[in-house]
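Novice: My questions will all concern the structure given below.
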Amino acid sequence: MKSYREEIRVHTKRTIEFVRITDRVREAVRKSGVNEGLCLVNPMHITASVFVNDNESGLWHDFEQWTERLAPHEPISQYRHNLTGEDNADAHLKRTLMGRETTLAITNGDLDLGTWEEVFYGEFDGRRDKRILVKIIGE
Amino acid sequence: MKSYREEIRVHTKRTIEFVRITDRVREAVRKSGVNEGLCLVNPMHITASVFVNDNESGLWHDFEQWTERLAPHEPISQYRHNLTGEDNADAHLKRTLMGRETTLAITNGDLDLGTWEEVFYGEFDGRRDKRILVKIIGE
Amino acid sequence: MKSYREEIRVHTKRTIEFVRITDRVREAVRKSGVNEGLCLVNPMHITASVFVNDNESGLWHDFEQWTERLAPHEPISQYRHNLTGEDNADAHLKRTLMGRETTLAITNGDLDLGTWEEVFYGEFDGRRDKRILVKIIGE
């Protein structure tokens, strides 16, 4: 059995931002030398998400509006977490909506994705350097 | 280490439909010859979900109503994704609510599920042939 | 390849309750003897969730209020599932919001978590003994 670990770094300019990372995950799979296996991709942060969806910028806008509607930032005082001095309770909820991690199949040495499947990092409390963990096992 | 890959095909008659696939995933596990391992099940499409829940038809109705309440189809113009000519932005959001994939344990050559756990394919933009990926690794 | 399976038992006193299980999962990883691999953690029940987030009690309160807002318990008659004699349809939806399972990386014989990542069991239909499955594969 082989295993491989890599951290992908991202820096977002906005509080909420979606970053396509399909190619960087694909590159990690190539470096791993794994032909058949599983590839876990997760943020190492608790206000961010790694998810699979369409590479279409209108949809990212929809994700931003939709998560804001279901878990609004304001009023900050509606969340008990914000009594700690944070103002990011909504980011924890938004990340929960979008999911923490994705597990992807590796077949013939490449990500085994459907035609329109792309991998994204979704940031909900950004403007800082963040890390994404890629862990691959297989043979 | 062994690995196994299979595509399960489904054809839904309605736009939103839930299909129980536990037995077909179980059959893939048997064919894999894996006794101890992990089994990833994911749709190869971005408007569908694979999830684990109760095999009870009233609940599927509740899932349909609930996802429609949290991510309504109409008005189509509320979603920027639909400016591309699509009308399925809500299906991308509904799939996000239900989750893309599930990872299941394999123990003693079978799915290691709790008493009431069943595996479902949830379609949110149906009436077409769709594919579900099953990827198994273990020994 | 090594594999390891363990069931973690929890007993919640309230209907909705969050239990930190990071240390118990970590202990399972140690017992497995796996240095590099993947660790799946999932409830064996369909009204509960295993998820990763912040170890901050205000946030658990926010999760409870937020899931109740998006999937309210009352009126019980709004859910078709409850026609079966159950009153827990909302617990199935709340668990869906929070996600069923998490897959975690194992590196150097330990859970490979970000600084603030902690593992939780979220119960939405509690006051009974419940089981959490930990399945580890790797080498």
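Since every read-out is calculated from the coordinates, none of them should be taken as a lab result. Worth saying up front: this structure is predicted, and the values here are computed from it rather than measured. All Cβ positions, even for glycine, are placed from backbone atoms using ideal geometry, and neighbour counts span all protein chains on display.
Novice: May I ask you to sort B:Lys135, B:Lys130 by Cβ crowding, counting other Cβ atoms within 10 Å and putting the fewest first? Present the calculation step by step, with values, prior to reporting the outcome.
Specialist: Values: B:Lys135 27, B:Lys130 21.
If I rank by nearby Cβ atoms, fewest first, I get B:Lys130, B:Lys135.
Novice: Just need the relative contact order of the stretch A:72-113 here, percent rounded to a whole number, with Cα pairs under 8 Å and 6+ apart. Write out the running numbers ahead of the final one.
Specialist: Values: 21 pairs, mean separation 9.8, N = 42.
Rounded, it is 23 percent for the stretch A:72-113.
Novice: Also: Report, in debye and to the nearest 20, how large the dipole of the stretch A:2-138 comes out about its Cα centre when Lys and Arg carry +1 and Asp and Glu carry -1 on their Cβ.
Specialist: Details: 20 positive and 23 negative charges, 117 e Å.
The dipole of the stretch A:2-138 has a size of about 560 debye.
Novice: Please name which of C:Ala71, C:Val52, C:Ala91 has its Cα lying farthest along the dipole of the stretch C:1-107 towards the positive end, using unit charges on Cβ (Lys, Arg +1; Asp, Glu -1) and the Cα centre as origin.
Specialist: C:Val52
Novice: Could I ask something else about it? Within a 10 angstrom radius of the beta carbon, how do A:Lys13, A:Lys31 rank from fewest other beta carbons to most?
Specialist: Values: A:Lys13 8, A:Lys31 12.
Fewest-to-most Cβ neighbours within 10 Å comes out as A:Lys13, A:Lys31.
Novice: Just to confirm the number: angle between the C-alpha axis of helix B:57-70 and the first principal axis of chain B, 0 to 90 degrees, nearest 10?
Specialist: With both axes taken from Cα atoms, the answer is about 50 degrees.
Novice: Counting only other chains, what is the mean number of Cβ atoms within 10 angstrom of the Cβ of each residue in peptide A:81-88?
Specialist: On the way: counts 9, 3, 3, 5, 0, 4, 0, 1.
Counting Cβ atoms of other protein chains within 10 Å of each residue's Cβ and averaging gives 3.
Novice: Run the quick spin-label model on A:Arg128 and A:Asp110: label points 7 Å from Cα toward the beta carbon, then report their separation in nm to one decimal.
Specialist: Modelled inter-label distance: 3.8 nm.
Novice: For the stretch C:37-43, take each phi angle, set θ = phi - 60°, evaluate the Karplus expression 6.51 cos²θ - 1.76 cosθ + 1.60, and give the result in whole Hz per residue in order, putting x for glycine and proline.
Specialist: x, 10, 10, 8, 10, 9, x
Novice: Multiply the residue separation of A:Ser77 and A:Arg30 by 0.36 nm, subtract the distance between their alpha-carbon atoms, and state the gained length in nm to one decimal.
Specialist: 12.2 nm
Novice: Could you identify which residue out of C:Gly33, C:Gly99, C:Gly58 has the top mean-square fluctuation in a GNM of chain C using Cα springs shorter than 10 Å?
Specialist: C:Gly58
Novice: Turning to a different aspect of this structure: From the square roots a ≥ b ≥ c of the eigenvalues of the alpha-carbon gyration tensor of the protein assembly as shown, which class results: rounded (a/c under 1.5), prolate (a/b over b/c), or oblate?
Specialist: Here the protein assembly as shown falls in the rounded category.
Novice: Moving to a separate point now. Helix C:89-98 versus the longest principal axis of chain C: what is the Cα-based angle in degrees, 0 to 90, to the nearest 10?
Specialist: The helix C:89-98 is inclined about 40 degrees to chain C.
Novice: Once R0 is set to 30 Å, what does the formula 1/(1 + (r/R0)^6) return for the Cβ-Cβ distance between C:Arg14 and B:Gln65, expressed as a FRET efficiency to the nearest 0.05?
Specialist: Working: r = 27 Å, r/R0 = 0.91.
The calculated FRET efficiency here is 0.65.
Novice: Turning to a different aspect of this structure: Once you order the gyration tensor axes a ≥ b ≥ c over the Cα atoms, which shape class does the stretch C:34-109 get: rounded for a/c under 1.5, otherwise prolate or oblate by comparing a/b with b/c?
Specialist: On the way: a/c = 4.51, a/b = 1.91, b/c = 2.36.
Verdict is oblate for the stretch C:34-109.
Novice: Work out from phi, with θ = phi - 60° and the Karplus expression 6.51 cos²θ - 1.76 cosθ + 1.60, the ³J(HN,Hα) of each residue of the stretch A:102-109, listed in order in whole Hz, and give x for Gly and Pro.
Specialist: For the stretch A:102-109, the Karplus curve yields 9, 10, 10, 7, 10, 9, 6, x Hz.
Novice: From the cross-link list A:Lys130/B:Lys2; B:Lys13/B:Lys130; B:Lys2/C:Lys2; A:Lys31/C:Lys31, which pairs have alpha carbons spaced over 23 Å apart?
Specialist: Working: A:Lys130/B:Lys2 35 Å; B:Lys13/B:Lys130 12 Å; B:Lys2/C:Lys2 12 Å; A:Lys31/C:Lys31 30 Å.
Going by Cα-Cα distance, A:Lys130/B:Lys2; A:Lys31/C:Lys31 fall outside the 23 Å limit.
Novice: On a C-alpha basis, how far is the centre of the stretch A:24-90 from the centre of the stretch C:93-110 in Å? Whole number, if you could?
Specialist: So the two Cα centres are separated by 14 Å.
Novice: Which ordering of A:Ser57, A:Ser49 is given by a fewest-first count of other beta-carbon atoms within 10 Å?
Specialist: Numbers: A:Ser57 12, A:Ser49 26.
Neighbour counts put them in this order, fewest first: A:Ser57, A:Ser49.
Novice: Shape verdict for chain A, please, from the Cα gyration tensor: rounded (a/c under 1.5), prolate (a/b greater than b/c) or oblate.
Specialist: Values: a/c = 2.64, a/b = 1.95, b/c = 1.35.
It is prolate, given that a/c is not under 1.5 and a/b is the larger ratio.
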